[in-house]
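What follows is a single structure, written as structure tokens, with notes after it.
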Amino acid sequence: MSMRPRAHELGVIGCHACGLVCEAPGTTTHATQCLLCGAVLHARRPNSLSLAWALLWAAMIFYIPANLLPVMHTDMLGSSSGSTIAAGIVEFWKSGSYGIALVIFTASVAVPCAKFLIIGLLLVTAQRRTPWARRERALLYRLVEQIGYWSMLDVLVVAIVAGLVKFKSLADIEPRLGILFFGGMVILTMLSAMQFDPRLTWDGNET
Amino acid sequence: MKAFPTLIVCEHCDAVYRRPTLAPGEGVRCEICAAPFLRLSRLDVDHWLALTMTSAVIYVIANVCPIIRVSFNGLHNETTLWRSVAALAHGPVTLMAVPATLTVIVVPLLHMLLLGWVLLYARRGRRAPGFRIVMKLLVTLRPWSMIEVALIGILVSIIKLAGFLHVVPGVGLWAMGVLTVLFTLIASPDTRHLWSLTESDVAV
Ligand SMILES: [Zn+2]
Ligand SMILES: [Zn+2]
């Protein structure tokens, strides 16, 4: 491992908002402001781990009703039915649209589950301050940051479809409660990833 | 309290570097965590501003023109981006309309307006009124813009509906495609660079 100095060892903090490197306050309890942009500076985001855990648990709880409850309700020529996220994917698959089925599966199942696992892993390892696989964990964090919002896809699809199919008694599609939990889950996971301070990955014992 | 303008800290791992002088289009990766933590955009301020204004115009087209037209048993219907997210408000899941509207409509618009505002002044090396707040907002807003997700969402909807309706893509859809490209171009340069390009009239 390289011997490059780290900001907290030198007694400085890099501002997250403008990038200026400022002197860290002597006593840690005292919050300080960036000299250039005025953002509040923290050596480490306060309560990063506990807030990230709380948001992650909330997201995982939301994910259960998101999958069990129907996300939309279809009224078609007199017959009506509700469909869950899984039913939507199966329907695409059966009709031969394998590509679209995969896209929705990725956005609604694979990405959320991968995010739960990755954030959980980052939190556990940061808590233990372990030097294990730091570069890989840093890569996973950047991945979560970049792919997280794609899960919003299903929410927008339901919105567009429900907005279009409004043909009075002939055909009508309405959004249902499941999509609310699903959207909530996406937002909570994004907030959880934002709460996690990636610098914590590099704290603790050297190799 | 002192500041050290010659240093830079990787925000992903806290490693300290001497601030490098970068050529446009050049970037550096952190040696410790491999994050690309500093990058100078190829766009100069004038081009950046021009692209921002263009995307604002395209944004209006994308929002005003219908994105999809459908017909069913002789009945026709069409929707705009705005009416799609508003449709959420009428069902039993009213609450969901708020984040949908924010991420697809409000945040991208705000991003373009705020960026245009600071760039307009940055052209002359000045800091726009409210520079500090606007710069902070730009950093905060960035992850909540979901134009590209909306574009894929429209495409998936078209395929979903094509099974039982006659679906025709509208002008709004093409505008969304162009907007996605433009928005990615204007939102990816690091706005923090503007701090060093500008000087304030009053001492900070
Ligand atoms: Zn700052
Ligand atoms: Zn780094």
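The values are calculated or read from the model by the stated rules, or taken from the named source; none is laboratory data. Being a predicted model, the structure only gives us computed values, none of them experimental. Counting neighbours? That spans all protein chains shown, and the Cβs are built from the backbone with ideal geometry, glycine included. Ligands, DNA and RNA are stripped out before the accessible areas are found, and what is left, the full protein with its side chains, is counted by its heavy atoms. Shrake-Rupley method; radii C 1.70, N 1.55, O 1.52, S 1.80 Å.
Suppose we filter the range B:71-121 for residues that are crowded, with 24+ Cβ neighbours inside 10 Å and in contact with a strand residue (DSSP E or B) (Cβ under 8 Å, 6 or more places away or on another chain); how many remain?
5
Being aliphatic (A, V, I, L, M) and within 28 Å of A:Val71 (Cα to Cα) narrows it down to one residue among B:Val134, B:Val104, B:Val118; which is it?
B:Val104
If you check A:Met3 against the conditions, is it away from ligand 1 (no atom under 16 Å from the Cβ) and in a helix (DSSP H, G or I)?
So A:Met3 does not fit the description; no.
Quick check on this structure: which one of B:Leu155, B:Leu138, B:Leu179 is more than 7 Å from chain A (Cβ to nearest Cβ), surrounded by 21 or more Cβ atoms within 10 Å (Cβ to Cβ) and part of a helix (DSSP H, G or I)?
B:Leu179
For the range A:119-207, which fully contained helices (runs of 4 or more DSSP H) count at least 2 residues that are of a type in the set (Ser, Thr, Tyr) and more than 7 Å from chain B (Cβ to nearest Cβ)?
A:177-195
Among the residues of the range B:1-52, which ones are among the polar types (S, T, N, Q) and either within 25 Å of B:Phe183 (Cβ to Cβ) or away from chain A (no Cβ under 11 Å) (or both)?
Within the range B:1-52, B:Thr21, B:Ser41, B:Thr52 meet the criteria.
Mind checking which residues of the range A:33-47 are within 16 Å of ligand 2 (Cβ to nearest atom) and away from chain B (no Cβ under 14 Å)?
Those that are within 16 Å of ligand 2 (Cβ to nearest atom) and away from chain B (no Cβ under 14 Å): none in the range A:33-47.
Do we find a residue being in the same structural domain as B:Leu75 (by TED's automatic domain parsing) and touching a Lys or Arg at 6+ places or on another chain (Cβ under 9 Å) anywhere in the range B:139-160?
Yes, the range B:139-160 contains at least one residue that is in the same structural domain as B:Leu75 (by TED's automatic domain parsing) and touching a Lys or Arg at 6+ places or on another chain (Cβ under 9 Å).
From the list B:Arg18, B:Arg39, which residue is touching an Asp or Glu at 6+ places or on another chain (Cβ under 9 Å) and among the basic types (Lys, Arg)?
The unique qualifying residue is B:Arg39.
Answer yes if at least one residue in the range A:112-133 is within 16 Å of ligand 2 (Cβ to nearest atom), crowded, with 16+ Cβ neighbours inside 10 Å and among the hydroxyl-bearing types (Ser, Thr, Tyr), and no otherwise.
Taking every residue of the range A:112-133 in turn, none turns out to be within 16 Å of ligand 2 (Cβ to nearest atom), crowded, with 16+ Cβ neighbours inside 10 Å and among the hydroxyl-bearing types (Ser, Thr, Tyr).
Note down all Cβ pairs under 7 Å where the first residue falls in the range A:168-195 and is open to solvent by 20 Å² or more (accessible area, probe 1.4 Å), the second is small (Gly, Ala, Ser) and in a helix (DSSP H, G or I), and they're at least six residues apart or on different chains.
Hits for this filter: A:Glu174/A:Ala162; A:Phe181/A:Ala66; A:Leu188/A:Ala58; A:Leu188/A:Ala59; A:Gln195/A:Ser48; A:Gln195/A:Ala52.
Among (1) surrounded by 14 or more Cβ atoms within 10 Å (Cβ to Cβ); (2) more than 9 Å from chain B (Cβ to nearest Cβ); (3) away from ligand 1 (no atom under 16 Å from the Cβ), which single condition is A:His73 missing?
(2)
From A:Ser50, A:Ser95, A:Ser81, which residue is at the interface with chain B (Cβ under 7 Å from one of its Cβ atoms) and either away from ligand 1 (no atom under 15 Å from the Cβ) or modelled with pLDDT of 95 or more (or both)?
Of A:Ser50, A:Ser95, A:Ser81, the one residue that is at the interface with chain B (Cβ under 7 Å from one of its Cβ atoms) and either away from ligand 1 (no atom under 15 Å from the Cβ) or modelled with pLDDT of 95 or more (or both) is A:Ser95.
Can you find a residue in the range B:123-131 that is part of a helix (DSSP H, G or I), in contact (Cβ under 8 Å) with a residue 12 or more places away in the chain and within 12 Å of chain A (Cβ to nearest Cβ)?
yes
Out of A:Trp53, A:Trp57, report the one residue that is at negative phi, more than 16 Å from ligand 2 (Cβ to nearest atom) and in contact (Cβ under 8 Å) with a residue 60 or more places away in the chain.
Just a single option satisfies the conditions, and that option is A:Trp53.
Considering A:Ser108, A:Ser95, which residue is within 22 Å of B:Leu155 (Cα to Cα), open to solvent by less than 40 Å² (accessible area, probe 1.4 Å) and among the hydroxyl-bearing types (Ser, Thr, Tyr)?
Every option except A:Ser108 fails the conditions.
Based on this model, can you work out whether A:Pro65 counts as away from ligand 1 (no atom under 16 Å from the Cβ), within 11 Å of another protein chain (Cβ to nearest Cβ) and either under 25 Å from A:Glu206 (Cα atoms) or touching a helix residue (DSSP H, G or I) at 6+ places or on another chain (Cβ under 8 Å) (or both)?
Considered against the rule, which asks whether it is away from ligand 1 (no atom under 16 Å from the Cβ), within 11 Å of another protein chain (Cβ to nearest Cβ) and either under 25 Å from A:Glu206 (Cα atoms) or touching a helix residue (DSSP H, G or I) at 6+ places or on another chain (Cβ under 8 Å) (or both), A:Pro65 comes out as no.
When the residues of the range B:3-18 are filtered to those that are within 14 Å of ligand 1 (Cβ to nearest atom) and out of contact with any Phe, Trp or Tyr (no Cβ under 9 Å at 6 or more places or on another chain), which remaining residue is most open to solvent (accessible area, probe 1.4 Å)?
Per the stated criteria, the residue is B:Pro5.
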